[in-house]
Amino acid sequence: MKRDKLGEIAKLEAQKCFHGNVMGLESNIEPIINLFPKWSLGNWDGKWCAAFVYYCCMKAGFNIPVKFPDENIKCNFAGCSAWESWGSLPENQFYYPAENNSFIPSKGDIVIFNNVFLNESHDHIGIVLENYDSYIVVAEGNINNVSGTVKRDKNKNIRGYIRIPDDYNFVK
């Protein structure tokens, strides 16, 4: 299953300690941001969580364009809001709001957060690795400008989930 593969890849990639300009170290996020050629490295510093998710999706074999060609999606997949808009499209319908109590997150699902770092809607995103009763373990890019895995309380800050079907394939 591609979603299982996405979870495995996300875990491995998060452990590589990708980072922006932190602790006097020069950024090493080029493999992630090179998928989005219109920004410079300076533009990305501290703003690459969604790009990390896209990078992992590409490595897992999901065929998703950098910018989805629909007027309802205002930005490319380097923006958290693009993921929610894309997953909510009538032809997709694989976005599940946090209020949907019948949805049970699992490995390889994408989770969108509110108010994690910027005190804004859909300000952070990651990939679910494990699901427990009260929390999830998530692989994330840009946890204070560093990749890693974290435990996130399921009752706090989760906006919703995206479950990309294993057979999803973008066709123009």
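FYI, it's all coordinate maths here, none of it is from the lab. This one's a predicted model, so the numbers in the text were calculated from it and none came from an experiment. Here the Cβ positions follow ideal geometry from the backbone for every residue, glycine too, while neighbour counts run over all protein chains shown.
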Which label in [x] 44; [y] 33; [z] 40 gives the computed percent of Cα pairs over 23 Å apart: [y]
To the nearest 20 Debye, how big is the dipole of the range 2-162 about its Cα centre, given +1 on the beta carbon of each Lys and Arg and -1 on that of each Asp and Glu? 220
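Give the order of C49, C17 when sorted by the count of other beta carbons within 10 angstrom, beginning with the fewest.
Fewest to most other Cβ atoms nearby, the residues stand as C17, C49.
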Relative contact order of the range 2-162: what whole-number percent is it, with Cα pairs under 8 angstrom and at least 6 residues apart? 29
Karplus-derived 3J(HN,Hα) from phi for the range 123-131 (6.51 cos²θ - 1.76 cosθ + 1.60, θ = phi - 60°), whole Hz, x at Gly and Pro, runs 9, 7, 8, x, 10, 5, 9, 8, 10
Considering the dipole of the chain built from charges on the beta carbon (Lys and Arg +1, Asp and Glu -1) around the Cα centre, which of F77, Y161, I104 is farthest to its positive end? F77
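What ranking, highest mean first, results for peptides 140-152, 70-82 when packing means the other Cβ atoms within 10 Å averaged over each residue? Don't skip to the end; give the middle numbers.
On the way: 140-152: 19.2, 70-82: 17.2.
Ranked from most to least packed, the peptides come out as 140-152, 70-82.
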Could you derive backbone 3J(HN,Hα) for the range 135-142 from the dihedral phi with the Karplus parameters 6.51, -1.76 and 1.60 (θ = phi - 60°), listing whole Hz in sequence and x where the residue is Gly or Pro? 8, 10, 9, 10, 8, 9, x, 6
Part-to-part distance (alpha-carbon centres) for the range 70-120 and the range 23-64, which is given in Å: 18
